[in-house]
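Reviewing the structure listed below.
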Amino acid sequence: MVCLGNICRSPLAEGILKSKVNASEVFVDSAGTGGWHVGELPDKRSITVAKRYGLDITDQRGKKFSPYDFETYDHIFVMDNSNYRDVIQLAKDQTEIEKVKLILNEVFPGENMDVPDPYYGGDNGFENVFQMLDEACEKIARRL
Ligand code: 4NP
């Protein structure tokens, strides 16, 4: 799960997908394309919305996406079109590019919609993001 800062959207996506899959079968992790928040806890507002739905994401710490992640992971879900461009720039071949998918295309195939960045908005943005990611992760979990 990849976003820009790895403190708002992708930690929620990681926590939500983890809650829907068996950890012995599916390994889920998250990262940001930017490194400003490496080592930090998720944003308080993400922690709060996750807690409201019974998820604890406080074990997560910010990481930066690495080109090696293309080798580690089978699927790389990005939150928005800007993340998509940033991630595929690091790919070394077509096989790696094909691992990268916009997460909302799981719900709205081919529409290339963004999960809006809630960082500069109010708390309601985090609730909206949670709902979008919950729907997308439900589809991903069923398929996996
Ligand atoms: P995220 O939100 O990509 O959903 O984690 C952001 C968090 C921090 C920043 C940008 C986006 N930032 O510029 O610090």
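Rounded to the nearest 20, the size of the Cβ-charge dipole of the chain about its Cα centre is 240 debye, with Lys and Arg at +1 and Asp and Glu at -1. Listed peptides 74-83, 11-20, 31-40 appear in the order 11-20, 74-83, 31-40 once ranked by packing, highest mean of other Cβ atoms within 10 Å at the front.
Working from label points 7 Å from Cα in the Cα-to-Cβ sense, the residue 135 to residue 85 distance is 2.6 nm.
Check every DSSP H run in the chain and write down those whose alpha carbon atoms cover 20 angstrom or more along the long axis and whose mean Kyte-Doolittle hydropathy is -1.0 or greater. Helices meeting the criterion: 123-143.
Shape index of the range 2-143: Rg/Rh, with Rg the Cα radius of gyration and Rh the Kirkwood radius from the inverse mean 1/r over Cα pairs, equals 0.93. The mean accessible area for residues of the chain, using a 1.4 Å probe and ignoring ligands and nucleic acids, is 54 Å² per residue. Using the rule -39500 (n - 2.57) for each DSSP H run of four or more residues, divided by the residues of the chain, the 222 nm mean residue ellipticity is -12000 deg cm²/dmol. Using a 1.4 Å probe over the heavy atoms of the protein chains, calculate the carbon and sulfur portion of the accessible area of the range 2-143 as a whole percent. Ligands and nucleic acids excluded, carbon and sulfur give 50 percent. For the range 55-144, trypsin sites (Lys or Arg not before Pro) are listed when DSSP marks them as loop and at most 15 other Cβ atoms sit within 10 Å of their Cβ; the list is 61, 92.
The values are calculated or read from the model by the stated rules, or taken from the named source; none is laboratory data. Here the structure is a predicted model, which is why all the values come from computation and not from measurement. Neighbour counts run over all protein chains shown; Cβ positions are idealised from the backbone, glycine included. For the accessible areas, the whole protein counts, side chains as well, though only heavy atoms, and no ligand, DNA or RNA atoms are used. Shrake-Rupley method; radii C 1.70, N 1.55, O 1.52, S 1.80 Å.
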